[in-house]
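Encoded as structure tokens, the structure appears first; notes follow it.
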Amino acid sequence: MCLLLLIMPLLLLPGSQGMTCRELSKTYTSPNCAAERCMEHCQTEGNDNGVCEGSYFDPYKAFCFCNNRC
């Protein structure tokens with residue numbers, strides 16, 4: 001019973017979540033980002049995946065960002 005009371009708080013703690021690092025793709029330079037091509041370039045660069053995101057200052061231009069676990 002005592003062992004159960006010692007282990008119970010550990011079960012209530014959240015699991016560790018890995019942080020995600022992101023950086024601008026080094027090889028994808030198209031002014032209009034395509035999701036599939038962005039992901040291919042990011043995986044070629046050694047990252048997990050890639051996503052296209054628009055710019056706040058220029059809504060007609062999208063950039064390819066690569067995501068990777070830190």
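The values are calculated or read from the model by the stated rules, or taken from the named source; none is laboratory data. Given the structure is predicted, the values throughout are model-derived calculations rather than measurements. Please note: Cβ atoms are built from the backbone with ideal geometry, for glycine as well, and neighbour counts cover all protein chains shown.
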- Starting from the range 45-70, keep only residues that are free of Cβ contacts under 8 Å to residues at least 24 places away in the same chain, then list their pairs with residues that are surrounded by 15 or more Cβ atoms within 10 Å (Cβ to Cβ) and aromatic (Phe, Trp, Tyr) whose Cβ atoms are within a distance under 8 Å, requiring at least 6 positions of separation or different chains. 51/65; 52/63; 52/65; 53/63; 53/65; 54/63; 55/63
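Taking residue 40 as the residue in question, decide whether it is out of contact with any Leu (no Cβ under 7 Å at 6 or more places or on another chain), in a strand (DSSP E or B) and either at pLDDT below 90 or surrounded by 10 or more Cβ atoms within 10 Å (Cβ to Cβ) (or both).
No, not satisfied.
Every residue, every condition in (1) modelled with pLDDT of 85 or more; (2) touching a Phe, Trp or Tyr at 6+ places or on another chain (Cβ under 7 Å), yes or no:
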site	(1), (2)
2	no, no
5	no, no
24	yes, yes
31	no, no
35	yes, no
44	yes, no
54	yes, no
64	yes, yes
